[in-house]
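Trainee: Would you mind keeping the following structure in view while I ask a few things?
What follows draws every value from the coordinates through simple rules; no lab data is involved. All of these numbers come straight from a predicted model, not from anything done at the bench. All Cβ positions, even for glycine, are placed from backbone atoms using ideal geometry, and neighbour counts span all protein chains on display.
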Amino acid sequence: MLLATSFSLVLELASAIATLIAEPLSDRILEPAMQSETILSSLFAPMFGNGAGAGMALLYVSCAIAMVLIGTVGYQLPQLNRLDNRGSQE
């Protein structure tokens, strides 16, 4: 029971930190970079545009791709598979 509570606390903490990081990253770095003539804009403007919201769209898609990659890699790791099998036997 303690392990489940600790895991839940870590998830809540990670979610709060991610929210705190996403806003300044989007508003102060990605939005201005997508609206000016930068390498970032030249690479991603054809997909996301260069108007308002383009930086947030880039952040959203980047996070989605990262989550898919992390899940795929995690699925392939034998250490995580053994851990999952060990937890279901209890």
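Trainee: At 222 nm, what helix-only mean residue ellipticity would the chain give, in deg cm²/dmol to the nearest 500, using -39500 (n - 2.57) for each DSSP H run of four or more?
Mentor: So the helix-based figure for the chain works out to -26500 deg cm²/dmol.
Trainee: How high is the relative contact order of the chain, in percent, counting Cα pairs under 8 Å that sit 6 or more residues apart?
Mentor: So the answer I get is 20 percent.
Trainee: Relative to the longest principal axis of the chain, what angle (0 to 90°, nearest 10) does the C-alpha long axis of helix 39-48 take?
Mentor: Value to nearest ten degrees: 80.
Trainee: Ok, one more. Please give, to one decimal in nm, the separation of the simple spin-label points placed at LEU20 and VAL68, each 7 Å out from Cα toward the Cβ.
Mentor: Distance between label points: 3.1 nm.
Trainee: Moving to a separate point now. Toward the positive end of the charge dipole of the chain, about the Cα centre and with charges on Cβ (Lys, Arg +1; Asp, Glu -1), which of VAL68, LEU13, SER42 goes farthest?
Mentor: VAL68
Trainee: Assign one of three labels to the chain, namely rounded, prolate or oblate, based on the Cα gyration tensor with a ≥ b ≥ c the square roots of its eigenvalues; rounded applies when a/c is under 1.5, prolate when it is not and a/b is larger than b/c, and oblate otherwise.
Mentor: oblate
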